[in-house]
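The values are calculated or read from the model by the stated rules, or taken from the named source; none is laboratory data. Worth saying up front: this structure is predicted, and the values here are computed from it rather than measured. Side chains included, ligands, DNA and RNA excluded: accessible areas come from the protein's heavy atoms. Shrake-Rupley method; radii C 1.70, N 1.55, O 1.52, S 1.80 Å.
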Amino acid sequence: MLRSVGQRRVTGEAVDPRVTRLRSAVSRLRRELAGHRVDLADRGIAEDELAALDAMAVSGAPEVWRLRRSLLLVAGSLGSVSALSEALTGVRHAVELFGPSVPPQPPAP
């Protein structure tokens, strides 16, 4: 069945708008990174972490500290590539929607 642009399939499950925004931002940065033909030493790290961010979003309830860790790795691996800065900022804003980072607690003795 064909759907018009903007129509969504109704499945009975509500989709968290934060997840939608994160997946959209990650997708945009992945596309822009793929189109950026300059050789980046850590491109593979950025691509792997963007895939991890997307996988965490798909899982439904990502852990904030893991999102932030992946974001830091992406930002660090891209350095100061100005051509990608706007898309990277979009990912950062989407991660921030999930709230403050809470580091994992060690198991109680």
Full-stretch length increase - ARG43, THR20 - with 0.36 nm per residue and alpha-carbon distance subtracted: 5.8 nm
Region 12-109 - accessible surface per residue (Å², probe 1.4 Å): 62 Å²
Percent carbon-and-sulfur accessible area, region 29-109, ignoring ligands, DNA and RNA, probe 1.4 Å: 57 percent
